[in-house]
Amino acid sequence: MVCACIDIGSNTTRLLVASPRNGGLRELCQQRAFTRIGRSLRDDGHIAEPKIDEVAEVVATQARTAEQLGARALKAVATAAIREAGNRDDLVAAVRSRCGVDVEVLTDGEEARLAFVGATRALTEPAAGTIDGGMTWSASLRLGSGSLADSYLRSDPPAAGELDRVRQHVAGAFEGLRIPAADLAVAVGGSATSLRRLVGALLEPETLERGLRVLATSPIADVARIYELDPERVKLLPAGMLLLEEASTRMGLPLQIARGGLREGVILEMMR
């Protein structure tokens with residue numbers, strides 16, 4: 001059975017088409033579009049109308065791709081930026097009108113739980129639990145790489161003072177958060193996945209420092225070309241890296257970059 005998931009996030013709208021294999025998933029197709037919904041939020045907390053139309057068209061295109069690949073079931077989910085938007089129902093209605101796809105707006109707990117399922121089966125909501133027992137703890141922080149980059153990173157490459165302000169903001173957001181002790185820490189999401197190309201599969205002080213040095217000394221276009229990354233993602237990576245660095249510090253563990261995440265979790269539950 002071929003299944004598909006479309007994940008409408010704060011920065012990207014991503015498609016995964018997969019079939020079951022040995023208790024996990026065999027990837028058939030991935031697509032990604034940088035829709036940057038978080039950046040389009042107006043002062044009143046509403047998503048701009050042109051952005052709603054853009055996202056609806058992206059979802060329609062990805063749904064057609066899934067159908068052409070033989071997907072018998074498709075689920076579309078939306079996360080933080082849409083969850084917090086005052087006109088999120090308008091986006092859901094626009095997608096349904098454009099391509100007949102119903103979008104489920106996930107709660108922060110559901111988002112964390114599904115990301116945990118996808119990450120653990122495939123071996124920014126922090127979650128804790130066991131592979132057999134599932135998620136037992138989660139928290140949701142009101143910040144992300146897109147909002148941090150838009151707020152603080154103006155230079156190309158980012159200046160030291162800009163990075164310091166991001167680091168201070170992130171530290172403040174984590175203040176008071178009590179993360180349960182863990183044996184293994186796994187990072188999911190767009191920043192983590194992109195960092196695999198930049199520094200490898202393990203995020204620890206040495207590799208994080210090396211990656212941040214590259215991002216802080218090389219123009220965005222050069223990093224994108226050398227490491228085969230989208231320039232839009234490179235713009236966000238310094239902020240995403242500082243978020244992951246703080247998470248690693250708080251847990252006292254290096255972060256292994258997961259092979260799966262939210263979309264994998266959605267598909268695994270569809271198949272089950």
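The values are calculated or read from the model by the stated rules, or taken from the named source; none is laboratory data. Just so you know, these numbers come straight off a predicted model, no measurement behind them. For neighbour counting, all protein chains shown are included, and Cβ atoms are generated from backbone atoms with ideal geometry for every residue, glycine included. In case anyone asks, the SASA skips ligands and DNA or RNA and just uses the protein heavy atoms, side chains included. Shrake-Rupley method; radii C 1.70, N 1.55, O 1.52, S 1.80 Å.
Descriptive notes on the structure:
- Pair-distance profile P(r), taking every C-alpha pair of the range 45-123, with 10 angstrom steps and integer %: 17, 42, 34, 7
- Fraction of accessible area attributable to carbon and sulfur, the chain (%, probe 1.4 Å): 46
- The residues of the chain expose on average 48 square angstrom of accessible surface per residue, using a 1.4 Å probe on protein heavy atoms.
- Computed over the alpha-carbon atoms, the chain gives an Rg to Rh ratio of 0.95, Rh here being the Kirkwood radius from the mean inverse distance.
- In this label model, residue 65 and residue 154 are separated by 3.6 nm, measuring between points 7 Å along each Cα→Cβ vector.
- Estimated FRET transfer efficiency (residue 22, residue 228; beta-carbon r; R0 25 Å; 0.05): 0.30
- Each principal axis of the range 116-272 carries a Cα extent, and these read 45, 35, 26 Å when sorted largest first.
- Ordered from highest to lowest accessible area with the whole protein assembly present and a 1.4 Å probe, 269, 49 read as 49, 269.
- Amide H to amide H distances under 5 Å link residue 78 with 8, 104, 105, 106, where only residues 5 or more positions off or on other chains count and H is placed in the peptide plane.
- Applying 1/(1 + (r/R0)^6) with r as the Cβ-Cβ distance of residue 90 and residue 178 and R0 = 35 angstrom yields a FRET efficiency of 0.40.
- Of 63, 140, 100, farthest towards positive along the dipole that unit charges on Lys, Arg, Asp, Glu beta carbons give the chain: 63
- Shown in residue order for the range 96-110 are the 3J(HN,Hα) couplings computed by the Karplus curve 6.51 cos²θ - 1.76 cosθ + 1.60 at θ = phi - 60°: 4, 5, 6, 9, x, 9, 8, 9, 9, 7, 7, 6, 5, x, 5 Hz (x for Gly and Pro).
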